[in-house]
Amino acid sequence: MPQLPRWAENVLVPILSVGLAVLFSALAVLSIGESPLQAVQVLSYGAFGNPYNFGFTLYYTTNFIFTGLAVSVAFHAGLFNIGGEGQALFGGIGAALAGLWLDSTNWIIVLIIGLGASIAFGSLWAAVPAFLLATRGSNIVITTIMFNYIAAGLLVALLSNVLKPTGSDAPRTRQFAQDSHVPRLDQVINWWGFDIARIEANIIFLVALLAAVGVWLFLYRSRLGYEVRMFGHSNSVSDYSGQSSFKITMIAMAISGGLAGLMATNAVLGQQHQLSLGFVGGAGFTGIAVSLIGRSHPLGIVLAALLFGALFQGGAELSFEIPAIPTKMIIVIQALVILFVGAMENLIRYPTVALLTMFRTRNGRWI
Amino acid sequence: MTIAQTTAVRPDRNSMDQILSTKERLQPTAPAISLKGINKAFGLVQANRNVNLSVAPGTIHGIVGENGAGKSTLMSILYGFYQADSGSIFINGRERRIVSSTDAINAGVGMVHQHFMLVRPFTSLENIVLGAEGGPFLGNALKQARTLLKQITAEYGLDVDPDAVVEDLPVGAQQRVEILKALYRKADLLILDEPTSVLTPSEADHLFRLLNGLRDSGKTVIFITHKLREIIELTDTVSVMRAGEMSEVIQTSRTSIPELAERMVGRIVQFEREKDPARIGKTVLSVRNASVKVDGVARLKNIDLEVRAGEVLGIAGVAGNGQTELLECLSGMRALDDGSIILSGQSLAATGSSLVRFLRASGVGHIPEDRHKHGLVAPFMAWENCALGHHRKSEFRRGPLMDITSMQADAGAKFEAFDVRPRDIFLKTANFSGGNQQKIVVAREIAENPDLLLVGQPTRGVDIGAIEFIHNQILELRAAGKAILLVSVELDEILALSDRISVMFDGRISGTRLASETNESDLGQLMGGVDNREGVHATTPKMG
C-alpha cells in the first residue's frame, strides 16, 4: 500500500472521492433526461439554501453523528456492530418512558433523564450480543442484525399493547406535554434577543457534538479507550498486556449501543415528541456508512454525518421540486458516495500517489 | 565453534570456486540476473541507493544486511511488488520490465517468502497449482501437475506428499511446497528471503542440501539472511547491503564471518562476550510439577525448574517442544492444569488477565517470543507501544485520562537509552525495522527494572548490531542481581548468556546443565531427548 502524507490521506483523497461520486451521480441524473446542474442546485439549496432547510439538514446530521460514533467505537474494538438500528429503537423506548413519566415537569429534567435512559436502553440492547460473543463466541454481526428484528417486533408489541393511549388505534404514544419539548436551535438563539425563523434541529445537536468530543477523548486520551484500541488491533497483544477480553467487549459494545440509543433522543424528545414506529428511519444503518467514510475518527464522522444529512434533506427537496427525479435517485446517489468514498478509495488513492510522486522534491519530501 | 565450521567448509569451497572460475573463463555466459543502478525511495528513506548486482548462473548468492538495510525492498522490486524509481533489471542478459509478480514468474524468477504464501487448508498439490491452473476446470491441471511434480521431486529430492493438507505439514515441508510452487512455474532463479528463520537446525540442513542440489542442476539461488554462518556454509558468492547500498560481489571463500559482520554493521562486532561470574541470590521463581494440555494434547509434562536472582537460566530446545507454553504459563497468559508456580515464595493463585496484571505489578517483565503477536500493536505510534501493559501506572495518569505528555517523554527516554532508530516516537510501529521494534519491546520491559525477566527468542529476526545490544542489556540485568529466564532456539545465544541451561524435549525438561560444563553436542543430544549424563546433575546443581 503506497504511503501518502497525512493531509493527502485524510483530506485530498476523501474530497476527490466525493467529487467522483458527484460526477457519477450527475451521469445518473443525466441518464433519466434531467439536468444534473439543476439537480445539484436544487439539492444544495434544499440542504443549505435557507435556515429552515439547513435546520433539517442539521437534524439528520445529529442522528448520523450518534449512529456513526456508535459504529466507530465498536469498530475500534474490532467489533462490527450492525445493530445500531435496534439499539436506537430501544433507546427510543427509554427516551419515551422518560417523556411519558416526566413531561409534567420541564424539558431540562426530561432531557437529562431521557439522555440517561436512552443510553441505558441502547447499551442494554447491545450488551446482549456482546455477552453472547464474550462467553459463547457468537458472531456479533449476525446477533446484532437479529437483534434489530427483535427490537422492531418488541416496539410494535409495546406500542400497540402497552404504550398507546386507551381508545387510540394508532401504534404510538400520546404527545408529550408542551413544556417538556426540548428547545429547537431557533428557540435557543431567540433567547438572546434575536428573532430568527424556525430551525428544525434542536439542542441535542450540541449533545451530538459533545458526544463526538467525548468519543475522541475516550479513544485517544483515556486508558480504557487505549485498551479498546489495543484489543481491536490485536486480541493477543491485549491478552499479553493483561486485559480481560470479556470486559473490553462488554464495555465497547455498551458504549456503542449507548451512542446509538442517543440517536433516539433527537427524534423522540427533540422532534416527534412521541414514540412511534419507524422513527429511526434507517439512521442505524446509515451510521455504518458514516463511520466508514469518516474513517472511524470523530471529526471525520461529524463531517460525513453532515454530508449524509445534506443528502438526506437535499434529496427530499430534490424529489419534491423535480418530480421527474424519483426519491430512489437519492438512494442511488448515497450508494455512489459509499461506493467511491468507502469501498473504492484505492481507485482515487493510487492515481493520487502517482500524481504527488511527480511533484515530490528531490530529497524525497512531499510537497 | 563458528570458526571451526568455517574452516571445515573452506577447502571444498575453494575447489568449487576454481571449477566455477575455469568454467566462466571457458564460456562467458550472461549473468542469471544483473541489476544496474537500482534506486528506490519511500518518503524520506532511500531504501535502495544505486544498487548494482550480478549473479552468475548455477551459483548460490547470499545477500546479507541488517534489518532495514534494503534487502527485502530490492527483492520486492525484483519480484514486481515495487517498482524501482530508476535502474534496470537484466535476466539472462535480457532487459526485463517487471511490474507485477506475473512478469517476474514469466521471466523465470521464483520467490520463497519469509512468511509463506500458502492456503493452509489446501493440499500441497492444490497450493502448487493455485494461480497456474491453466483453465476453468481443475481435474486436468491437477493430473498434469502431479506427473510434473513427480519429475521435479525425483530430480531435486524434494520429498513432499502432494495430498497432505498444508497446515498439517511441518514448517520445513511447507517451505518445500513453496519451493515446488516456484519450480512448477519454471523458475530458474530462486529467491529465498530469510528462509531459515522459521526452521529447526535439522530442517535448515535439509534445506541447504536441497539448495545445493538445485544449484548443481543449474538453477541460480539468491539467499537472503542475516545469519552469517549460513552464508559461509552455503553460498558461492556474497554481497553485503548496508543503508540501502550494495557492496561488490565477494567470493565467499575469500571472506570470513568477522569481515562480513564488520561490513554489515559498519564497525567491528564483538562475538565472544566475557561474562562476570554469577552472583547467585535467593530463588525468585520456582515451578513445581507444572503440566498443561492444549486442545487435549499435553504440552508441558511435570516441569520443575528454579530461577535465582543474579543468574540466567537458559531454556534450549527445538521450537515446539513446550517452550511457548512454558512462557505463556509463567507470564499468566495460560493457566496450568496441574502444578504450581511460586514467585518469591508466594504461590500464584489468580488466573487470567488479573494474573497477568498482578505479575507485571510484582516486577515480572516479559519479552514475548513473538513481538508481532504479543509484544506490539503494529499500527500504533511507537510511544503508544512504549507503555503497553504499563499504561495504568500512576505517572501516566492525569485525572481520568492518560497523561500523554508524560507517556511521550517516557517513550523518548526509552528511545534514547536503547538507541531505537529512527528516533521518532510518533512513527507508526510497523514502519520500524524488526530489530528496532524488538528494541522497543526490550526497552519497555527492562526499563521497569524487573526482578524476574522472562525472555522469549529475544533476537529472532533481529540484526547483528541489535543482537549485541540486547544481549548486553540482558547481561546488565543479570549483573544487577535480577533473575532471568531465557527461552531461545538459538544455541549460540543460550550458550553465550546462560549460567545454567535446561533443555526441553516433548514437554519435559530432558536435562539441565551448567553452562560451563556443556557444549553444543551435549545439548544437541538433549534436544533430541537423549541424556547421556543421566544422574550426573540434579535439576538444580550446586553453584558458586
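None of the figures in this text is laboratory data; all of them are computed from the coordinates on show. Predicted, not measured: the structure shown is a model, and the values here were computed from it. No Cβ is skipped: glycine too gets one built from the backbone with ideal geometry, and neighbour counts run over all protein chains shown.
Using the Cβ-Cβ distance between B:ASN472 and A:MET344 with R0 set to 51 Å, the FRET efficiency from 1/(1 + (r/R0)^6) comes to roughly 0.50. Given R0 = 30 Å, the distance between the Cβ atoms of B:ALA349 and B:ASP506 translates into a calculated FRET efficiency of 0.55. For B:ARG185, nonlocal amide neighbours, meaning residues 5 or more places apart or on other chains whose placed amide H falls under 5 Å from its own, do not occur.
How do B:HIS390, B:HIS374 line up, fewest other C-beta atoms within 10 Å first? Don't skip to the answer; put the middle values down first.
On the way: B:HIS390 20, B:HIS374 24.
In order of increasing Cβ crowding within 10 Å: B:HIS390, B:HIS374.
Annotation for region B:433-453 versus region A:112-145: alpha-carbon center distance of 38 Å.
Provide the gained length on full extension for the span A:SER245 to A:ILE189, in nm with one decimal, where the gain is 0.36 nm per separating residue minus the Cα-Cα distance.
On the way: separation 56, 0.36 × 56 = 20.16 nm, distance 4.62 nm.
15.5 nm is the gain from fully extending A:SER245 to A:ILE189.
Quick one: divide the alpha-carbon radius of gyration of region A:16-75 by 2.2 N^0.38 Å and tell me what you get.
On the way: Rg = 15.0 Å, N = 60, 2.2 N^0.38 = 10.4 Å.
The reported ratio for this selection is 1.44.
Taking label positions 7 Å along the Cα-Cβ direction at both A:ALA324 and B:LEU514, the computed distance is 9.9 nm, reported to one decimal.
Treating r as the C-beta distance of B:ALA479 and B:ASP337 and R0 as 35 Å, the FRET efficiency rounds to 0.45.
The HN-Hα couplings worked out from phi for region B:146-151 by the Karplus form 6.51 cos²θ - 1.76 cosθ + 1.60 (θ = phi - 60°) are 4, 5, 4, 4, 4, 4 Hz, whole numbers, x standing for Gly and Pro.
For chain A, adding -39500 (n - 2.57) for each run of n ≥ 4 DSSP H residues and dividing by the number of residues yields -23000 deg cm²/dmol at 222 nm. Per-residue extension of 0.36 nm, minus the Cα-Cα distance of B:ASP304 and B:ASN106, leaves a gain of 65.7 nm for this segment.
With N set to the residue count of chain A, report its C-alpha Rg divided by 2.2 N^0.38 Å to two decimal places. Mind showing how you got there, number by number?
Working: Rg = 21.7 Å, N = 367, 2.2 N^0.38 = 20.7 Å.
With N residues counted in chain A, Rg over 2.2 N^0.38 Å equals 1.05.
All other residues with a Cβ under 9 Å from the Cβ of B:ARG49 taken together, and with Lys, Arg as +1 and Asp, Glu as -1, what is their net charge? It works out to a net charge of 0. Above 30 Å, the calculated P(r) of chain B contains 55 percent of its Cα-Cα pairs. When A:ILE112, B:ILE440, A:ILE82 are arranged by Cβ crowding within 10 Å, least crowded first, meaning fewest neighbours, the order is A:ILE112, A:ILE82, B:ILE440. Phi-derived couplings, Karplus 6.51 cos²θ - 1.76 cosθ + 1.60 at θ = phi - 60°, listed residue by residue for region A:58-70: 5, 4, 5, 4, 4, 4, 6, 4, 4, 6, x, 4, 4 Hz, with x used for Gly and Pro. Residues of region B:501-521 with an amide N closer than 12 Å to a point placed 7 Å from the Cα of B:ARG533 along the Cα-to-Cβ direction: B:501-503, B:511-521. The ranking of B:CYS386, B:CYS329 from fewest to most other beta carbons within 10 Å of each one's beta carbon is B:CYS329, B:CYS386.
Using packing as a proxy for protection, rank A:27-35, B:152-160, B:477-485, A:88-96 so that the peptide with the highest average count of other Cβ atoms within 10 Å comes first. Each step should come with its number before you reach the end.
On the way: A:27-35: 13.7, B:152-160: 15.3, B:477-485: 21.0, A:88-96: 31.2.
Top to bottom by mean Cβ count within 10 Å: A:88-96, B:477-485, B:152-160, A:27-35.
Among A:GLN38, A:GLN272, A:GLN175, the residue with the largest mean-square fluctuation in a Gaussian network model of chain A, with springs joining Cα atoms closer than 10 Å, is A:GLN38. Phi-derived couplings, Karplus 6.51 cos²θ - 1.76 cosθ + 1.60 at θ = phi - 60°, listed residue by residue for region B:253-262: 5, 9, 10, 9, 4, x, 5, 4, 4, 5 Hz, with x used for Gly and Pro.
Out of all Cα-Cα pairs in the protein assembly as shown, roughly what percent, to the nearest whole number, are more than 48 Å apart?
Numbers: 152520 of 414505 pairs.
Summing the P(r) of the protein assembly as shown above 48 Å gives 37 percent of all pairs.
Reported to the nearest whole Å, the Cα centre-to-centre distance from region B:47-87 to region A:218-239 is 38.
So what is the calculated 222 nm ellipticity per residue for chain B, using -39500 (n - 2.57) for each DSSP H run with n of 4 or more, over all residues, to the nearest 500 deg cm²/dmol? Before the final figure, lay out each step's value.
Values: 17 runs with 192 residues, N = 544.
The per-residue figure over chain B is -11000 deg cm²/dmol.
Considering only the protein assembly as shown, what is the antiparallel percent among its DSSP beta bridges, to the nearest 5? Of the beta bridges lying entirely in the protein assembly as shown, close to 55 percent run antiparallel. Extension gain for A:LEU30-A:ASP169 works out to 45.5 nm (0.36 nm per residue, less the C-alpha to C-alpha distance).
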